[in-house]
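Reviewing the structure listed below.
Values in this text are rule-based calculations from the coordinates and carry no lab data. Not measured: the values here are computed from a predicted model. Heads up, the Cβs are rebuilt from the backbone with ideal geometry, glycines too, and the neighbour counts pull from every protein chain shown.
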Amino acid sequence: MSSHDSASDDARFPWIGLLTLAGAIFVSVTSEFLPTGLLPDMAKELDVSLSTAGYLVTVFAGTVVVATTPLAAVTRNVSRKALVVIVLLVIALANLLAAIAPTYELLVGARILGGLAHGLFWAVVAAYSAHLVPAHQLGRAVAITSGGGSAAFVLGVPVGTALGHQLGWRAAFAIIAGIVVVLAIVVVRFLPAVNHQVPLRTGEIAIPVRRDRSLPGIIIVCIVILFMLTAHNTFYTYIAPWLVQAAGFSADSVAFLLFLFGGAGAVGLVIAGFATDRFPKRGFAIAVLALMAAVTVFALATANQAVATAAFVLWGVAFGGIPAMLQTRMLHTASFRLRDLAAALQTTAFNVGIGGGALLGGLILSHSGLGTLPAVTVALFAAGLLLSVGTDAARAARARRAS
């Protein structure tokens, strides 16, 4: 590609549309994880235990898992832009209902409504950037939209938590509802509409989904996502007790360490944005190997807080780009026809990994204690990497034989 071509590519790059998507992702992810920082306040006011309040996160993720693919199938003929706007308005409504819910049961209902909307939101948004850019710019586009999710962890959830502590948890939900409405208006104004339908050529017959050649590849990427997200969340969900009990950090320093981790993740995402389009397979393998090394050093360096902190930050950098790399790989793997289905399956896999990792970590914690978590995490990362490298090698060998 000549320098003139790359300059015109940059000029045509849909920055405003992608940044609008990133903003929508930012508010959606912030609203998903808002309860995590406010659980003690919510439990106290609603007169339920801390673990019962924690189920508000589980119920949300569970709803996403169960509902995303069926909702994506039912709405497959609806305009993508219209669907993003509708879903954002439902997310705003769910947050408003959460803010005014008089009982725990009604709050659970509000979270289920939010989970339905959030799952469909991701099923649409995960494929949207692929409609806005050519294939060779996918990595950069996905990194920009994924930046919204990173910003939610670095800024959205901590700021939401601070607001909740200052003004009450109900006010935090109400403020988020207002911000989501503003983002819906921004989407109406700035997000380009896309054509996601695949017209059949004359004489062409629509083949059933199960016969689409890209389906096995989609399923393999989903399994790799499952391994990666389960591995990460098995340990990371219980990182606060690990930092205090195993590594000896003060409870007051945990918030700062988590902020460092979130910032490191944002750096990893920027690196992934540059690397994914140039060397997708090698970049992913290097990131996972760095991740395994970081978790291992972090687990072994409990006596040295400086080394433990450095390893924790490296974990953040290495993991920060992995969701975007996997999303880009999914968009390259899926045929145009299956992009929306692939996005729905990917959303389901991510949420099963998040919920499943937390559950697995909890079971390990109650049976064999904190010390076992890092080993299980590294083993799951290794299994995901072996599956990814193995399928790439098999595909390359098949292509060589075919040629």
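Among Val57, Ala22, Ala43, whose Cα projects farthest towards the positive end of the dipole of region 22-87, with charges put on the beta-carbon of Lys, Arg (+1) and Asp, Glu (-1)? Going by the charge dipole, the pick is Ala22. Placing unit charges on each Cβ (+1 for Lys and Arg, -1 for Asp and Glu) gives region 210-395 a dipole about its Cα centre, and among Val254, Val317, Phe284 the Cα reaching farthest toward its positive end belongs to Phe284. Using C-alpha pairs below 8 Å separated by at least 6 residues, the relative contact order for region 255-403 is 28 percent.
Quick one, could you list the DSSP H helices from the chain stretching 24 Å or more along their long axis (Cα atoms) with average Kyte-Doolittle hydropathy of -0.5 or above? Write down the numbers at each step before the final one.
Values: long enough: 15-46 (44 Å, 1.05); 50-74 (36 Å, 1.62); 80-100 (30 Å, 2.39); 104-132 (41 Å, 1.14); 169-190 (31 Å, 2.33); 215-236 (31 Å, 1.94); 254-278 (36 Å, 1.67); 280-300 (30 Å, 1.70); 339-368 (42 Å, 0.81); 373-402 (44 Å, 0.88).
Helices meeting the criterion: 15-46, 50-74, 80-100, 104-132, 169-190, 215-236, 254-278, 280-300, 339-368, 373-402.
Evaluate the relative contact order of the chain (contact order divided by residue number), counting alpha-carbon pairs under 8 angstrom at least 6 apart; express in whole percent. Walk me through the numbers before you get to the answer.
Numbers: 587 pairs, mean separation 100.5, N = 403.
About 25 percent, as a whole number.
The length gained on full extension between Ser368 and Asp252, counted as 0.36 nm times the residue separation minus their Cα-Cα distance, comes to 39.1 nm.
I'd like to compare 24-30, 365-371: which one has the highest average count of other Cβ atoms within 10 Å, and what's the full order after that?
Details: 24-30: 23.9, 365-371: 12.1.
My ranking of the peptides, most packed first, is 24-30, 365-371.
Which value in Å does the Kirkwood hydrodynamic radius of region 15-195 take, with 1/r averaged over all unlike C-alpha pairs and then inverted? Let's see the in-between values first.
Details: mean 1/r = 0.0607 Å⁻¹.
Value: 16.5 Å, from the Cα pair sum.
A simple spin-label model places the labels of Asn195 and Ala135 2.0 nm from each other, with each point 7 Å out along Cα-to-Cβ.
Beta carbons within 10 angstrom, averaged per residue: use that to sort the peptides 184-192, 342-350, 106-114, highest first. Write out the running numbers ahead of the final one.
Working: 184-192: 15.6, 342-350: 25.4, 106-114: 20.4.
So the order, starting with the most tightly packed, is 342-350, 106-114, 184-192.
The three principal axes of the Cα atoms in the chain give end-to-end lengths of 64, 46, 41 Å, sorted in falling order.
Taking max minus min of the alpha-carbon positions on each principal axis, region 223-275 gives extents of 36, 25, 12 Å, largest first.
Using only side-chain charges placed at the Cβ, +1 for Lys and Arg and -1 for Asp and Glu, the dipole size of region 210-395 relative to its Cα centre rounds to 740 debye. Remark: region 15-195 carries a charge dipole of roughly 580 debye about the Cα centre, counting +1 on each Lys and Arg Cβ and -1 on each Asp and Glu Cβ. Overall, the chain carries a charge dipole of about 1400 debye about its Cα centre when +1 sits on the Cβ of Lys and Arg and -1 on the Cβ of Asp and Glu, all other atoms neutral.
Express the relative contact order of region 84-160 as a whole percentage, based on alpha carbon pairs under 8 Å and six or more residues apart in sequence.
Rounded, it is 26 percent for region 84-160.
Each 10 Å bin from zero holds the following percent of Cα-Cα pairs in region 234-367: 12, 34, 35, 15, 4, 0.
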